[in-house]
Amino acid sequence: HTRRPPRVVVFVATPPPPHTMAQCVMSSVAGVRASVPVPRSTRVSQPRKLNGPRVVTARAITQTVAETPNANAALYDQFKALLVDYEFSYKIGDRVSGKVFHCDSKGAWVDIGAKAAALCPAEESSLADVRNAAAVFDVGEEYEFEIIKDDDGDGSLTLSIRKIQLEAAWDRCRDQQANDEAVNSMVLSVNRGGLLVEVEHLRGFVPQSHIAVRVTNREDLVGQLIPVKFLEVDEEKNRLVMSNRLATDMVSGEGLGVGDVVTGVVQAVKPYGAFVDVGGVSGLLHISQISHDRIVAVENVLAPGDELKVLILSKDADRSRLSLSTKKLEPSPGDMLRNPALVFEKAEEMGRLFRERVAAAEAAAQAEEGAGSEMAGMAPAKAESTDDEEA
């Protein structure tokens, strides 16, 4: 029999395509490993001689694979060379751009080009109160982050967007203080010392001596917007002190007159009406001034955030509050309930008619007052003449 050379069947498993940078590197290293020559030793068993007929036995082929020190050294050198291309040096405070590729209960996972994915926890996703990172981030989009924590041992860095937004908010407050600007603040709570308010998602304090808004119960201010100006902005001490009085002196209806039609935004809805912000001044749209038709519940007609046109009925400088009306702007009774868009479209025209009626009424009142004064002045003369006649 002719001896045939032994055949060796080699099975090669193809790995799935790499998804992370570390897998890409290891894939490249695997390619290098396959290209390094490996010495082999082959032992062929000899056929055993038996008495009797000749018997052909199968040859068993064994293969031993060994790696020499030189081969290992070459492999690790190649591995280090590949890592150099992907080596980044990050430190706390660095700002980086990254793409969000997944959101879960921990937060948003971000690819910033490091060895491992970085994590932006949900509480660091926004300066606002956020519990779910998916509500802030869109998967596949890039954002700017700041590194707030080093490698956690698994190669993952901790990121924050909140810190970037916090710094920007303090910068805006400093600029507004320098420019002596008045801004709107949301009243969060009331205490004996004053009001706790929110500006630029930062919490500030309005001392009692700087509250200009006069209400019977200050608890009614909670949830409302009031104008404020900055008295103190101290980022290091996390301290914001503001004045409603100084802001009200500047925006207490300046340039606004009775009969003017202005655009406002609903701040809060109460059983008796809605508070509307008009250029930084709070105005009350009483339930009786919403429409000529009867309204059972204000919330069925208006909601916080609604933008609408209103007519200024009166100004109360002491309380820094306006009395408003949409009822006076209705082309036909009930239009505010049936077709508010028509009311807002005709608002300027209806406002002009309202001012004309007010002017005519004032003129008539003045004329009547003048006539009354004239008659009062003529009465004694007439009495005098009567006495003379009798004499």
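Numbers at a glance
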{"quantity": "Within region 180-270, trypsin sites (Lys or Arg not before Pro) in DSSP loop having at most 16 other beta-carbon neighbours inside 10 Å", "calculated": "ARG192, ARG214, LYS237"}
{"quantity": "FRET E, pair ARG131, GLU307, Förster distance 35 Å, beta-carbon r, rounded to 0.05", "calculated": "0.75"}
{"quantity": "Stokes-Einstein diffusion coefficient of region 147-222, Kirkwood radius over Cα pairs, 4 °C, 1.567 mPa s, in µm²/s", "calculated": "85"}
{"quantity": "Cross-link pairs beyond the 30 Å C-alpha cut-off, checked among LYS99/LYS163; LYS91/LYS229; LYS229/LYS309; LYS99/LYS229", "calculated": "LYS91/LYS229; LYS99/LYS229"}
{"quantity": "Computed lengthening from SER314 to VAL296, 0.36 nm per intervening residue step minus Cα-Cα distance", "calculated": "4.0 nm"}
{"quantity": "Gain upon complete extension [ALA168, ALA73; 0.36 nm per residue less C-alpha separation]", "calculated": "29.1 nm"}
{"quantity": "Inter-label distance for ASP175 and HIS286, nm, one decimal - labels placed 7 Å from Cα along Cα-to-Cβ", "calculated": "4.2"}
{"quantity": "Extension reserve of the GLN208-ASP104 stretch, reckoned as 0.36 nm per residue once the Cα distance is removed", "calculated": "33.0 nm"}
{"quantity": "Heavy-atom accessible area ranking, 1.4 Å probe, most first, across MET350, MET336, MET186", "calculated": "MET186, MET350, MET336"}
{"quantity": "Trypsin sites (Lys or Arg not before Pro) restricted to DSSP loop in region 109-177 with at most 14 other C-beta within 10 Å", "calculated": "ARG131"}
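The values are calculated or read from the model by the stated rules, or taken from the named source; none is laboratory data. Model, not experiment: these values are computed from the prediction. Glycine gets a Cβ as well: all are built from the backbone with ideal geometry, and neighbour counts include every protein chain shown. The protein model used for the area step is the full one, side chains on, heavy atoms only, and it has no ligands, DNA or RNA in it. Shrake-Rupley method; radii C 1.70, N 1.55, O 1.52, S 1.80 Å.
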